[in-house]
Amino acid sequence: MSDTIFRSTNSQRNIVPGWTNMLPDSPDWIELQIDVDMQSWTREHACVLLQYWDSNDVLTKQAILPMRAFSGDAAGWCAMLPNHGRVIVNAIDPTPRPPLLATHILTIDPKSPRGTVLNAEVRFPHDPGLLFLGEAAHTRN
């Protein structure tokens, strides 16, 4: 496996390894930027799980990004996507009891113009009962 990390020409972010040119006949169309709040970087066991679904029944790609990936490089991370399918962004921290899990599903509109940028924001709570992902707050029971 190569140690080469590719960068987005648009944002200069690191591209998650393997998350470019995923499908043979579908060029990179959309940049998904993954932003994790700096205060969340200290969560030793927390991670972001990305999944790309080409169709409802085909999981095409998945990747796990530990918090140290975000704290280790200020450039940040992104994934390059075709102009269709779904992306599921999961924020996970197994340490607290009960564990924290939040999911955000992004359905990609095939009519999106090339160069569209999507942003997924992850902010683990300082209050142990709240986890923020995307544009919605999720409360643990």
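Within the range 25-36, count every residue that is out of contact with any Asp or Glu (no Cβ under 9 Å at 6 or more places or on another chain) and buried (at least 19 other Cβ atoms within 10 Å of the Cβ).
Number satisfying all stated conditions: 4.
Looking only at the range 37-65, which residues are surrounded by 12 or more Cβ atoms within 10 Å (Cβ to Cβ), touching a residue at least 24 places away in the same chain (Cβ under 8 Å) and over 9 Å from the mean Cα position of the chain (by Cα)?
Correct list: ASP37, SER40, TRP41, ARG43, HIS45, ALA46, CYS47, TYR52, TRP53, ASP54, THR60, LYS61.
Filtering the range 10-24 down to residues that are touching a Cys at 6+ places or on another chain (Cβ under 9 Å) and part of a loop (DSSP other than H, G, I, E, B), which residue is surrounded by the fewest Cβ atoms within 10 Å (Cβ to Cβ)?
Initially, the range 10-24 is screened for residues touching a Cys at 6+ places or on another chain (Cβ under 9 Å), giving 10-11, 13-16, 19.
Within this subset, residues satisfying the condition of being part of a loop (DSSP other than H, G, I, E, B) are 10-11, 13, 16, 19.
On the way: ASN10: 12, SER11: 15, ARG13: 20, VAL16: 22, TRP19: 20.
For the range 10-24, the residue satisfying everything is ASN10.
Please go through the range 56-79 and give me each residue that is under 13 Å from MET22 (Cβ atoms) and hydroxyl-bearing (Ser, Thr, Tyr), ordered by number.
Step one: list which residues in the range 56-79 are under 13 Å from MET22 (Cβ atoms), which gives 58-63, 79.
Within the range 56-79, THR60 is the sole residue that qualifies.
Given (1) more than 22 Å from THR116 (Cβ to Cβ); (2) touching a Phe, Trp or Tyr at 6+ places or on another chain (Cβ under 7 Å); (3) surrounded by fewer than 16 Cβ atoms within 10 Å (Cβ to Cβ), identify the lone condition not met by GLY72.
(2)
The numbers here are math on the coordinates, done by the rules we state, and not lab data. Computed from a predicted model, the values in this text were never measured in an experiment. Positions of Cβ are generated from backbone atoms using ideal geometry, with glycine treated the same way; all protein chains shown enter the neighbour counts.
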